[in-house]
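For reference, the structure discussed in these notes is given below.
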Amino acid sequence: MNGKGNPKLLSLLTLLFALWNGCLTLFHGWTAFWWLGLGVDFLLIVGIAELIGKRIPPLYAPLYRRSLSVSFPLLLFLAWELLVRGGVLSPDWFPPPSRIVQALWELITKFDEFSKTSLLGRPWLLLGAAWGNRPETVKELLAESHLYATLMRVFVGFFLGATPGILLGMVMGVSPTIRTMIDATLSAFYVLPKIAIFPIMMLIFPDPFGEGPKIAVVAISVFFLVTINTMVGVRDIEPVYLEAGRNYGASGFRLFYHVILPGALPVVFAGLRIALGTALIVIIAVEFVRAKTGVGFLTFYYWEILSPEKMYAGLVVVMVLGVLLTAGLKKVEQWVMPWRKP
Amino acid sequence: MEHTSRALPKIRASHISKVFSNGKERVEALRDFSLEVQEGEFLCIVGPSGCGKSSFLRILAGLLPASSGTIEIQPGEDPGKPLTSMVFQEYAVFPWKTVLENVGFGLQMRGVPKAERLTIAQSWIERVGLSKFIHAYPHQLSGGMKQRVGIARALASDPEILLMDEPLGALDAQTRTLLQEEILRIWEERRKTVVYVTHSIEEAVLLGDRVVLMTAHPGTQKAVFPIPLPRPRDLKVMATAEFGELTYTIWEALRGEVLKAMKLLGET
Ligand SMILES: Nc1ncnc2c1ncn2[C@@H]1O[C@H](COP(=O)(O)OP(=O)(O)OP(=O)(O)O)[C@@H](O)[C@H]1O
Ligand SMILES: [Mg+2]
């Protein structure tokens, strides 16, 4: 056995792959055995990728890995597309990726006359209005945008929840008395599914169908997560850093600013990351239930009118939103903590 | 005046004991430990692992309350100077500050103006050989380099008493020797009061005016060895017969304690 990856084995596997898929197609085996077909295909592809990986010079190894992680989902989409076209999967439940992309394009470019909304607020008009300095038009266009509605709820709720969360978490981390007093209560709220308080929020706010209750649920979900993480971050700072701080003359606010705050930041940011994900979950769920705008509403609306490819398009938008928001937070993190190992 | 300051030791620790109790468990770290350190003396403490050396330094620094006993430290003439600065065994260099910010930290806390602070910090960074890393963050440094930052931070804050807890423990033999020379040189310049904990008997004899030997578990004072080697010293002194004799005598006394400490560990 040499570790270099045997070229003969590689050709053999590739041949097997072609034969297997060829036979299944030829004998119409896909309908009955599609899961077996895909399973074997997957194993063969893993084997082939492994063998190729061993022959890749180290210089190109990162490129190879990146192309692996990009091409796998593409293959998955391809399999999906083929399975639907071949009549194995029902297009009513799993519309083929090509039609999802089409639906997404339609959602982005078309203004829905019936509900007077659009997904992105018609960016081509938006840019023109912003360029032409017509704030009224910009406002109107943003108001019709589902994405903007969801984003605003997430941002405002996140900010309103995270700010007091960090403050309370810091106080709890620093003071054992306050921590002991509040910790049990907080933990009890922590396990409560936050969506469950939405009806109460609708009761409390004067306009139960307005933005208030939605933002409040997001804020409350974020608040508990951030509070607990911040508290843990402060509490678990290496005691020797506090000792060093005190020994070199820091106390009170300066000890907090120079030692406790930066010492807790990594865990605080871990909490913010989780909270951001949760905020997204909560807002989509709320929009399913009670909203006239928002990406969650849109997805649910297309379920009601039985347009599966547009439902999937909604999911894609939510996924992209999640990825972008997380990446944005990561950037903020790197900017706030340049001292962390990259 | 000279006379009165002689009469009062810089540090007088009397009958210090320290018991750690978390829940049911009680660990007696120090028992009836007494020690006097004169102004301008370089005192070394040697003892087996776990005998309470670090705890004693923390008590001296006021970071840990003693369970019983008293500490008296004579303040210096300049009230702006800190009483003690500690070099921690665990480095305790702040990961979120650059080397320069770390070294200047004590001065910053004391309110020394920025320009002056930077100049002082910079010169100490040069002396410990880290000029190239002045703007680096600790995660970019090796363990030994971090400890040099810790040493520079303590020296830069110019305390009445320097407390050093195995400052060279993590270094390779060559860097260690270089820094021992540097510490000797710096000390000869200023003659600061130093309490220096080390595992190495050679290091203790090379640097110290006296070497205090501690017993294992609980830590008490077992013996004190004056080191009559002439000052100013340098590494050459290690080649003398007197140096060899002193190290050997101390090792003889320490061996029993180390064996005892190892047996104690084996039992638990
Ligand atoms: N915060 C603490 N809580 C409980 N026990 C402690 C604590 N700090 C130290 N101890 C115990 O006190 C004893 C002395 O510890 P200390 O760190 O002072 O030893 P040391 O002489 O510095 O050892 P080493 O040479 O290994 O650094 C040990 O048995 C240790 O387990
Ligand atoms: Mg120690």
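Accessible surface for A:Ser71 stands near 50 Å², nearest 10, in the context of the full protein assembly shown (1.4 Å probe).
Of the heavy-atom accessible surface of chain A (probe 1.4 angstrom), what whole percent is carbon and sulfur?
Details: 14660 of 19980 Å².
The nonpolar share, carbon plus sulfur, comes to 73 percent.
The tail of the calculated P(r) for the stretch B:18-127 beyond 20 Å holds 56 percent of all Cα-Cα pairs. Legend: calculated FRET efficiency, A:Phe288 to A:Asp207, from the Cβ-Cβ distance at R0 = 25 Å, rounded to 0.05, equals 0.80.
Could you tell me the number of lysine pairs in chain B with C-alpha atoms less than 14 Å from each other, where the two lysines are 8 or more residues apart or belong to different chains? Display every interim value, and only then the final one.
Values: B:Lys10/B:Lys192; B:Lys18/B:Lys53; B:Lys53/B:Lys222; B:Lys81/B:Lys192; B:Lys97/B:Lys146; B:Lys132/B:Lys146; B:Lys222/B:Lys260.
Going through chain B pair by pair, I get 7.
Estimated at the nearest 10 Å², the accessible area of A:Trp80 is 50 Å² with a 1.4 Å probe. Per-residue accessible area (protein heavy atoms, 1.4 Å probe) orders B:Phe33, A:Phe77 as A:Phe77, B:Phe33, starting from the largest. Note on chain B: the alpha carbon radius of gyration divided by the globular reference 2.2 N^0.38 Å gives 1.01.
Could you work out the relative contact order of chain A? I mean the mean sequence separation of Cα pairs under 8 Å and 6+ apart, divided by the number of residues, in percent.
Working: 361 pairs, mean separation 53.7, N = 342.
It rounds to 16 percent for chain A.
For the stretch A:202-287, the Kirkwood hydrodynamic radius comes to 14.9 Å, computed from all pairs of different C-alpha atoms.
Seen against the Cα atoms of chain B and their longest principal axis, helix B:114-127 is set at about 60 degrees. Going by accessible surface with a 1.4 Å probe and the largest first, A:Tyr60, A:Tyr302, A:Tyr148 read A:Tyr60, A:Tyr148, A:Tyr302.
Can you give the translational diffusion coefficient of the protein assembly as shown in µm²/s, computed by Stokes-Einstein from the Kirkwood radius over Cα pairs at 25 °C and 0.890 mPa s?
Details: Rh = 30.6 Å.
My calculation gives 80 µm²/s for D.
For chain B, give the share of DSSP beta bridges that are antiparallel, in percent and rounded to the nearest 5; count only bridges with both residues there.
Details: 20 of 38 bridges.
Beta bridges within chain B, antiparallel portion: roughly 55 percent.
Each 10 Å bin from zero holds the following percent of Cα-Cα pairs in the stretch B:171-267: 14, 44, 31, 10, 1.
Take A:Lys292: with every protein chain present and a 1.4 Å probe, its accessible area is about 150 Å². Counting only residues at least eight positions apart within a chain, or on another chain, the aspartates and glutamates with an alpha carbon under 15 Å from that of A:Lys341 are A:Glu333.
Highest GNM mean-square fluctuation among B:Ile186, B:Ile16, B:Ile250, for chain B modelled with Cα contacts below 10 Å: B:Ile186. Across every pair of non-identical alpha carbons in the stretch A:7-85, the mean reciprocal distance, once inverted, gives a Kirkwood radius of 13.8 Å.
On a full-extension model of 0.36 nm per residue, what is the gain between B:Glu188 and B:His15, subtracting their alpha-carbon distance, rounded to one decimal in nm?
Working: separation 173, 0.36 × 173 = 62.28 nm, distance 3.11 nm.
My answer for the length gained is 59.2 nm.
Between the Cα long axis of helix A:97-109 and the first principal axis of chain A there is an angle of about 50°, rounded to the nearest 10. Among B:Val46, A:Val232, A:Val320, the order of accessible area from largest down is A:Val320, A:Val232, B:Val46, computed with a 1.4 Å probe on protein heavy atoms. Amide H contacts for A:Ser145 (H built 1.01 Å from N in the peptide plane; partners 5 or more residues away or on another chain; cut-off under 5 Å): A:Ser118.
The stretch B:5-47 and the stretch B:107-178 have Cα centres spaced 26 Å apart.
What does the helix-only formula give at 222 nm for the protein assembly as shown: each DSSP H stretch with n ≥ 4 adding -39500 (n - 2.57), the total divided by the residues, and the result rounded to the nearest 500 deg cm²/dmol? Walk me through the numbers on the way to the answer.
Numbers: 24 runs with 364 residues, N = 610.
Result for the protein assembly as shown, helices only: -19500 deg cm²/dmol.
Given +1 at the Cβ of Lys and Arg, -1 at the Cβ of Asp and Glu and no other charges, the dipole of the protein assembly as shown around its Cα centre is 800 debye to the nearest 20. The spacing between the stretch A:207-235 and the stretch A:4-82, judged by their C-alpha centroids, is 45 Å. Summing +1 for each Lys or Arg and -1 for each Asp or Glu, what net charge is found among the other residues whose Cβ lies under 11 Å from the Cβ of B:Gly62? Summing Lys and Arg as +1 and Asp and Glu as -1 gives +1.
The stretch B:183-259 and the stretch A:317-335 have Cα centres separated by 57 Å.
Separation of the alpha carbons by more than 20 angstrom is noted, of A:Lys139/A:Lys194; A:Lys214/A:Lys292; A:Lys292/A:Lys330; A:Lys194/A:Lys330; A:Lys8/A:Lys54, for A:Lys139/A:Lys194; A:Lys292/A:Lys330; A:Lys194/A:Lys330.
Against chain B, whose longest principal axis is taken from its Cα atoms, helix B:241-267 shows a tilt of about 70°. For B:Ile227, the amide hydrogen comes within under 5 Å of the amide hydrogens of B:Arg210, B:Val211, counting only partners 5 or more places away or on other chains and with H modelled in the peptide plane.
The values are calculated or read from the model by the stated rules, or taken from the named source; none is laboratory data. It should be emphasised that the depicted structure is a prediction, and the values quoted were computed from it without experimental measurement. All Cβ positions, even for glycine, are placed from backbone atoms using ideal geometry, and neighbour counts span all protein chains on display. These area figures cover heavy atoms from the full protein model, side chains too; ligands, DNA and RNA do not enter into them. Shrake-Rupley method; radii C 1.70, N 1.55, O 1.52, S 1.80 Å.
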